[in-house]
Each structure stands twice: as structure tokens, then as C-alpha cells.
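One structure is given below, encoded as C-alpha cells.
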Amino acid sequence: MFRISHFIRELDHPTPVAPRRNPPGPVVIWNLIRRCNLTCKHCYSISADKDFPGELSTDDVLRVMDDLKAFRVPVLILSGGEPLLRPDIFEIGRRAKALGFYVGLSSNGTLINGSNIGAIADTGFDYVGVSLDGIGATHDKFRRLEGAFEASMAGIRLCLSRGIKVGVRYTMTEDNAHDLPALLRLVEDEGIDKFYFSHLNYAGRGNKHRADDARHQTTRDAMDLLFETCLDLHRRGIEKDFVTGNNDADGVYLLHWVARRFPEHVEHIRGKLVQWGGNASGVNVANIDNLGVVHPDTMWWHVPLGSVHERKFSDIWSDLSNPLMAGLKQHPRVLSGRCGACRHLEICNGSSRVRAQQITGNAWAEDPGCYLSDQEIGLEAGESRGERIVTTPFVPRRRTS
Ligand SMILES: C[S@@+](CC[C@H](N)C(=O)[O-])C[C@H]1O[C@@H](n2cnc3c(N)ncnc32)[C@H](O)[C@@H]1O
Ligand code: SF4
């Protein structure tokens with residue numbers, strides 16, 4: 001996860017650069033139920049409107065939560081499927097709050113209505129994230145339900161009316177990229193607190209439909225728009241969180257944007273980006289699926305690390321006998337191809353490893369989702385690609401036009 005707004009604020013209010021540190025326990029994204037009233041085209045959990053047998057019971061969830069607390073997990077994101085379809089969702093949410101977690105609810109928003117908004121507000125979620133993958137028909141087509149956009153918007157407005165912090169989550173592909181400017185306007189007009197921009201990851205139905213992924217130029221244009229919008233809001237005194245996910249090359253792209261726009265700040269921002277350290281799957285981000293199986297993050301459902309029925313989460317997470325976990329926990333990771341040769345590996349850490357693994361079978365190959373040019377990653381013309389980690393200082397290229 002890459003916090004654009006954090007780095008934009010650093011331009012005006014720099015804070016000291018510190019060594020990179022991992023928080024005590026990982027943020028846990030917990031898919032409590034796989035059932036969903038939608039069947040989105042890109043869904044990593046391949047959810048559908050049917051029962052998935054063997055899901056964790058309320059008692060299982062509460063027991064695992066105690067272990068997460070003892071392991072010093074700071075944040076729980078309660079997700080699905082559609083978590084509002086779990087009858088015990090508010091009991092789980094209340095217990096998580098009582099234990100002191102920061103608790104987010106990750107919903108498609110269509111089921112938030114007058115009869116449950118009171119319970120949502122009373123649970124005290126710190127944040128409710130609602131997915132909007134476009135405006136009107138674009139969203140409905142992406143989410144394969146006519147009327148989904150209107151229902152999700154109604155859910156968002158209900159949350160805002162109760163003073164709940166709301167974020168919009170948008171996953172971009174070539175199909176819905178044209179709606180990004182309108183969505184950003186909507187976020188400002190509706191007074192939404194957060195915008196989470198997700199790149200497509202190649203998991204579940206998202207892998208099946210990976211041909212729809214945004215072209216690299218589309219992604220570059222989107223990132224430019226996000227940076228400029230975040231800066232513009234910040235300079236108008238409107239503070240919102242702008243966050244991206246599933247492609248940590250965004251940090252390197254920001255560095256080049258700063259080099260062009262604010263060359264006097266580039267070394268400071270570079271220091272802060274190294275402090276952040278890029279992709280944290282398997283380290284600071286963890287996933288528990290609906291059956292209680294632990295994964296390095298939500299996009300790794302095809303790699304089980306162990307079940308909370310058999311071992312404590314804390315034991316599973318600390319076990320490095322799985323080669324994927326051992327490799328993910330190295331920093332910087334040992335990678336090949338463009339990622340291995342990239343001079344900014346200590347910033348991006350090789351991004352999500354899922355796309356490389358799905359395309360080549362090798363989790364340590366270059367990320368096909370990296371949209372940076374050879375020049376931007378420090379490869380000179382004719383330079384051979386290989387496994388090396390370059391530590392020479394970053395020299396920004398000034399805009400020539
Ligand atoms: C699996 S959904 C569960 C919560 C809820 N049903 C929803 O749609 O918001 C969680 C988030 O993951 C996003 N997502 C699903 N599949 C994805 C993929 N293949 N790549 C990137 N994001 C994905 C969804 O758009 C949504 O914002
Ligand atoms: S992305 Fe969310 S709303 Fe869409 S099918 Fe998956 S779980 Fe359901």
C-alpha cells in the first residue's frame with residue numbers, strides 16, 4: 001500500500017527521514033465470508049451468491065482474534081465476499097473494537113441501508129471502504145449488476161450522514177480508466193475522506209480477465225492525475241487520504257514526478273520512499289481467508305501457508321519454511337529481469353509478486369505490471385538485464401521540454 005497523500009504533505013511539511021522499520025504485527029485483511037451478492041469480473045475471491053461450506057464460526061473468529069491481539073496486529077480489515085452478509089459481522093466488529101484494533105469494513109456498499117446503518121455506526125468501525133469502479137453504467141458493467149452504482153452511492157451517503165469515515169476503492173482496468181477523472185470529482189463533491197486506487201492483480205477472476213489490465217500508458221496517465229489531484233486538494237486545504245495498492249512501482253513513479261515538478265525536494269522524498277520500502281506482502285500485510293487459511297496477502301489464495309484450525313496465526317506467520325514466505329521477507333528481495341536490475345528496488349521491493357508468478361511460474365521474475373521505462377529504472381540503452389541491485393545515488397533527470 002502506497003500513501004500518496006503522505007508524500008505530497010512531505011513537500012510542504014517535511015519530517016525527518018528515519019530508518020525503515022516494520023510495525024510489530026501485520027495488518028490483517030480477513031475475508032470472513034466468500035458469499036457475495038455481486039460477481040465482479042475481476043474478483044480475486046471468485047465470490048458468488050451461494051454458500052461456501054466450512055467457513056469460520058463466530059467462536060473460531062473470536063478465538064483467532066485473541067491470538068492476533070497477542071501477536072500485536074494493529075489493524076483488522078473485515079472483508080469478503082460481502083461481509084454484511086455475515087449475520088455476526090457486528091458482533092465480530094464490536095469485539096475487535098473492544099480489543100483495541102483499528103477496524104475497517106470492506107464492503108461493496110449495495111447492502112448498506114436504513115435498516116443496518118444504525119448497527120454499522122454503533123459498531124464503531126474506524127473506516128468503511130466502498131468499491132466504486134466507475135460512474136453509473138461503467139460500474140454496473142464491471143460489477144455485473146444493474147443499479148449497483150446507485151445502491152453503493154446510497155450506502156456511501158448513509159455512512160457519511162452518520163459521520164463515519166468513508167473511502168472509495170477503485171480498481172482500474174482498460175475498461176473503466178476513462179471514469180477516473182469523474183470519480184475523483186465525485187470524491188471531492190461528496191466529501192469522501194479517502195480514495196484508494198488499486199491496480200489490477202492477477203488473482204481469481206482478475207487473473208482470468210488479465211487481458212483487460214490497463215496499458216502502461218493508461219496507468220502512467222492515471223498516476224499523474226492522482227498526484228496532481230492530491231496536490232491540488234492539499235494546497236486548497238482539503239486533506240484526504242490518497243492511497244494506491246497492488247503496484248509499488250507507484251513510489252518510483254512519484255519520485256520521477258517530484259524530480260520534474262519539485263526538483264528541490266527530490267532527495268528528501270527519495271529518503272522517505274526508501275523509509276517506506278515498497279511491497280510488504282508476507283511482512284506487514286497478511287490475509288486470512290473464509291476457511292481460516294493464512295496467505296501472504298489477499299492475492300495469494302493459491303498459496304496456503306497453514307490453517308488457524310491447526311496452528312495459531314502467530315506460528316504460521318513466523319514460519320519461514322515456506323520458500324515464498326522466506327523470499328517475501330527479504331528486503332530488498334532477490335529478483336531477476338528488470339526488477340533485479342532496477343536501481344530503485346529498495347523503494348518498490350519488486351511490487352506484487354503475484355503477477356510475475358501467474359505469468360511465468362516464477363514468483364521472483366520481473367513484474368509485468370511495472371509501467372516504468374528502462375530509463376526510469378536506471379537501465380541504460382544496450383545494458384544487459386541481469387540480477388543485480390544497484391545502490392548508486394539517484395540523479396534526477398530534468399525535464400528538457
Ligand atoms: C474482494 S472485495 C471484498 C469486499 C467487497 N465485496 C467489495 O467488493 O468491496 C475487496 C476489494 O478487492 C478488490 N479486488 C477484487 N479483486 C481484485 C483484483 N483482482 N485486483 C485488484 N483488486 C481487486 C475489490 O474491487 C474490492 O475493492
Ligand atoms: S469484488 Fe467484492 S463485490 Fe465484487 S464479487 Fe468480489 S467480493 Fe463481491
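Computed from the coordinates by the stated procedures, all read-outs in this text should not be read as laboratory data. Owing to the predicted nature of the structure, the values given are computational and were not obtained by experimental measurement. Every residue, glycine as well, gets a Cβ built from its backbone with ideal geometry; the counts of neighbours run over all protein chains shown.
How large is log10 I(q)/I(0) at q = 0.09, 0.13 Å⁻¹ when the Debye formula is applied to the Cα atoms of segment 2-327, each weighted equally and without solvent?
-0.46, -1.03
With the calculation restricted to Cα positions, what are the radius of gyration and Dmax of segment 209-285 in angstrom?
14.0, 42
I'd like the Karplus ³J(HN,Hα) series for segment 245-260: coefficients 6.51, -1.76, 1.60, θ = phi - 60°, whole numbers in Hz, and an x wherever there's a Gly or Pro.
Using θ = phi - 60°, the values come out as x, 6, 7, 7, 4, 3, x, 5, 5, 4, 4, 5, 5, 5, 4, 7 Hz.
Kindly express, to the nearest 10 degrees and within the range 0 to 90, the angle between helix 89-98's C-alpha long axis and the longest C-alpha principal axis of the chain.
Tilt relative to the chain: about 70 degrees.
Considering only Cα-Cα distances, which of the following residue pairs are longer than 25 Å: K41/K329; K194/K272; K69/K165?
Values: K41/K329 31 Å; K194/K272 21 Å; K69/K165 23 Å.
Table pairs above 25 Å Cα-Cα are K41/K329.
Around K165, which amide H atoms from residues at least 5 apart in sequence, or from another chain, sit under 5 Å from its own amide H, with H modelled in the peptide plane?
Sorted by chain and number, the residues that satisfy this are V128.
Would you compute, from DSSP H runs of 4+ residues alone, the mean residue ellipticity of the chain at 222 nm, taking -39500 (n - 2.57) per run and dividing by the full residue count, rounded to the nearest 500? Don't skip to the answer; put the middle values down first.
Numbers: 16 runs with 146 residues, N = 401.
Only helices count here, giving -10500 deg cm²/dmol.
Any idea what the relative contact order of the chain is, in percent, if you count C-alpha pairs under 8 Å spaced at least 6 apart?
Here the relative contact order equals 18 percent.
Which order do peptides 281-289, 85-93 fall in by mean Cβ count within 10 Å, highest first? If you can, show how the numbers build up before the last one.
On the way: 281-289: 23.7, 85-93: 18.1.
Packing order, densest peptide first, comes out as 281-289, 85-93.
How far, in degrees from 0 to 90, does helix 266-276 lean away from the longest principal axis of the Cα atoms of the chain, to the nearest 10?
It works out to around 40 degrees.
Would you mind checking the tilt of helix 148-161 against the longest principal axis of the Cα atoms of the chain, expressed as 0 to 90 degrees and rounded to 10?
Approximately 80 degrees, to the nearest ten.
Can you give the relative contact order of segment 65-134 as a percent, counting alpha carbon pairs under 8 Å and 6+ residues apart?
Averaging sequence separation for qualifying contacts and normalising by length gives 35 percent for segment 65-134.
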